[in-house]
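Data first, discussion second: the structure below is written as C-alpha cells.
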Amino acid sequence: MMAQRSRLTASCRVHILVLCFLVQVATGVELSVNNHNDDFTLTISSGSLASLSCLAQDSSQAEELLWYRGDGRVDLKDENKVNISNICISPVSESDNGVAFTCRLVRNQSVQVSVVLDVRFPPSVGEDESIYTEEGKDVTLTCNAKSNPQGQTTWYKNNAILTLQEHYQVYQTSEIFQLTIKKVQKSDNGTYTCEVKSSCGDSSKDFYLTVEDKKPVFPKEAVIAAVVVVALTVLFGILAQKEKVFKVWKDSVS
C-alpha cells in the first residue's frame, strides 16, 4: 500500500514538472521580478520605498503584463504594461507586511512570479495611562505592541524590574502584553512600565496606578428593611393625625 502511494506521488510530481515545461515551451516566455525568476521574499523597513520591476524574458513578441496585490489587480498605465512593468510601494507600511505582489503574463497567467514583503517595523505601545481603582479589585494593564520582528516585554514598578509572583499574572500574544494585579492593595500604588524591545527599536508605556479606599457596601436587605420601617412609620403617623383632627372636628360640631 505504501509503495503504491509512493508511485502515485512520484507520478503526480512528474506530471506537474511536465506541465510546467509544456507551459514554458508553449509561451516561450519566462518572467523575472527584480532579477528573480522564482517567488521570493523582500525584507524592507516600514516607511521606505519598494520598487518592483517585472521583465518578460525570451519573448519574440510584445507581451502584456499584469500586477496583483494579493487578490486585487493593480492599475497600470498603458505604457507600463508591455514587456517591462514597474510598480512602486511608497511608503511601505505595516499593512503591507506579508502581502504578495504578483506579476503575471496576460496570455498565460500561469506564468507568474510573486514577491512577499517582509516589512520590519518597531513596536509602539501608545500613550501613558492613569488608573484609579479600589482595594480588593483586580486590575489589568494592557500594552498593544505589534512589531516585526516580535518584541520582548519587560515590566517595571517604579523603575525596578517587577518580580513576578502569584500576586501578578502575565498574558502575552504576538501583539498584546498584559499584566494583571490580583486584589490590589495600597502597597500596589505606583508607576508600572511596559517596555517592549525588538531589533528594530523599542517603546515603553507608563501606567500610574492609584489604589483608593474600598467604598462601604450596605447590605441590600438591610436597606430595604429600613425603607419599609420608615415608610410604615410615616404612614401610621399620617393616620394618627387624621384620627386626631377628625376627633377635634367632631367635638367642635357637637
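The values are calculated or read from the model by the stated rules, or taken from the named source; none is laboratory data. From a predicted model like this one, the values you see are computed outputs, not experimental measurements. For neighbour counting, all protein chains shown are included, and Cβ atoms are generated from backbone atoms with ideal geometry for every residue, glycine included. In case anyone asks, the SASA skips ligands and DNA or RNA and just uses the protein heavy atoms, side chains included. Shrake-Rupley method; radii C 1.70, N 1.55, O 1.52, S 1.80 Å.
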Checklist entry - Consider R73 against the criteria (1) touching a Phe, Trp or Tyr at 6+ places or on another chain (Cβ under 9 Å); (2) touching a residue at least 24 places away in the same chain (Cβ under 8 Å); (3) open to solvent by 40 Å² or more (accessible area, probe 1.4 Å): it satisfies all of them except one. Which criterion is unmet? => result (2)
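Condition check ((1) touching a Phe, Trp or Tyr at 6+ places or on another chain (Cβ under 7 Å); (2) at pLDDT below 95; (3) part of a helix (DSSP H, G or I)) across all residues:
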residue	(1), (2), (3)
L19	no, yes, yes
L22	no, yes, yes
L31	no, no, no
D38	no, no, no
L55	no, no, no
S60	no, yes, no
Checklist outcome for this item: Of those in the range 190-209 that are buried (at least 20 other Cβ atoms within 10 Å of the Cβ) and not hydrophobic (A, V, I, L, M, F, W, C), the residue farthest from the chain's Cα centre (by Cα) is Y192
Next on the checklist: Looking at the range 155-173, can you tell me whether even one residue there is open to solvent by 80 Å² or more (accessible area, probe 1.4 Å), among the basic types (K, R), out of contact with any helix residue (DSSP H, G or I) (no Cβ under 6 Å at 6 or more places or on another chain) and farther than 30 Å from S95 by Cα?
Outcome noted: no
Checklist outcome for this item: The correct count of residues that are closer than 16 Å to S130 by Cα and buried (at least 18 other Cβ atoms within 10 Å of the Cβ) in the range 174-189 is 4
Item to check | Test result for S124, in contact (Cβ under 8 Å) with a residue 24 or more places away in the chain, farther than 18 Å from L209 by Cβ, open to solvent by 40 Å² or more (accessible area, probe 1.4 Å) and part of a loop (DSSP other than H, G, I, E, B) | outcome: yes
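Residue by residue, here is whether (1) basic (K, R); (2) over 23 Å from the mean Cα position of the chain (by Cα); (3) over 17 Å from F207 (Cβ atoms) holds:
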position: Q112; (1), (2), (3): no, yes, yes
position: P123; (1), (2), (3): no, no, no
position: W155; (1), (2), (3): no, no, no
position: Q169; (1), (2), (3): no, no, no
position: T173; (1), (2), (3): no, no, yes
Next on the checklist: Just checking, does the range 130-145 include any residue being in a loop (DSSP other than H, G, I, E, B) and surrounded by 17 or more Cβ atoms within 10 Å (Cβ to Cβ)?
Outcome noted: yes
Item to check | Lone unmet requirement of (1) surrounded by 14 or more Cβ atoms within 10 Å (Cβ to Cβ); (2) over 30 Å from I181 (Cα atoms); (3) of a type in the set (S, T, Y) for S95 | outcome: (1)
